[in-house]
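Worksheet for the structure shown next.
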């Protein structure tokens, strides 16, 4: 279980990073953020969570809320996809793709930081509904 | 004077438009104004969306319809739709289970929305957690989206008698 303030802290840094990505049109910064998402999703060494544990958590009281790691990991993987699309867009000269991907990533990161928005709650079911629509119709006939 | 014939000195001082360096469109010290504008619009839209969600989450909306399964006949059923990557589903599950345990005539069913996609479509479930409040007769009387605490679950049950 995770101290639920950790992912909120990480989302706040991610918000700032994507504002900078948009402001400077920087594909390299988006790529660096993609690496952060990948490390957080697939290893125990998420850079922002290490920062949180080392510098922030000791200054706060004991955690009040815990949450399961799976929803956080899901959000990191979705973030990874958007950060990669954004980096590819800016670095290949398709900056419109870069702007759109960064815009979605910024919205999700900001909502998570400011409101505790849960990406997995919102998009996972919708994605399942859309992806299985064809199968379900076929199965019903 | 033909364009492009300016000396560096003239370029600095001249007010002649043909003598100015081509302005770098859309940038200011390396900042892309379009990108900055997009960032601001996204932040404003997200803040509005977040505030709207905060105001409406946990509030019962009345719905009409009925369901002949996934409810406990003779009891008020809290039918909760959950999903795998949903942190608030756990808190809602705990609150609903506690209310069901301590309130006579109330039952709680928690289902994985993925396993019931046909019902999810039929009921218009868009996200998790969503709780349907079902009267003992099987009539659906309300729907609540978002994380619920004990007080909100008790209020939601009140929708049956209202």
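Orientation-averaged projection of the protein assembly as shown equals 23.6 nm² [convex hull of Cα atoms, one quarter of hull surface area]. An ellipsoid equivalent to the range B:60-161, defined through the eigenvalues of its Cα gyration tensor, has semi-axes of 18, 16, 12 Å when rounded to whole angstrom and sorted largest first.
So for the range B:60-161: antiparallel DSSP bridges make up what percent, rounded to the nearest 5? Intermediate results must be reported in sequence, preceding the final value.
Values: 13 of 20 bridges.
In the range B:60-161, approximately 65 percent of DSSP beta bridges are antiparallel ones.
Taking the Kirkwood radius as Rh and the Cα radius of gyration as Rg, chain A has a ratio of Rg/Rh equal to 1.04. Computed from label points 7 Å out along Cα-Cβ, the spacing between residue B:49 and residue B:67 is 2.7 nm. Shape summary: the range A:15-84 maps onto an equivalent ellipsoid whose semi-axes, from the alpha-carbon gyration tensor, are 24, 15, 10 Å in decreasing order. Separation of the range B:24-80 from the range A:21-37 is 25 Å, based on Cα centroids.
Rule-based calculations on the coordinates, nothing more; no lab input. This is a predicted model, so every value here is computed, not measured. Here Cβ is always computed from backbone atoms with ideal geometry, including for glycine, and neighbour counts include all displayed protein chains.
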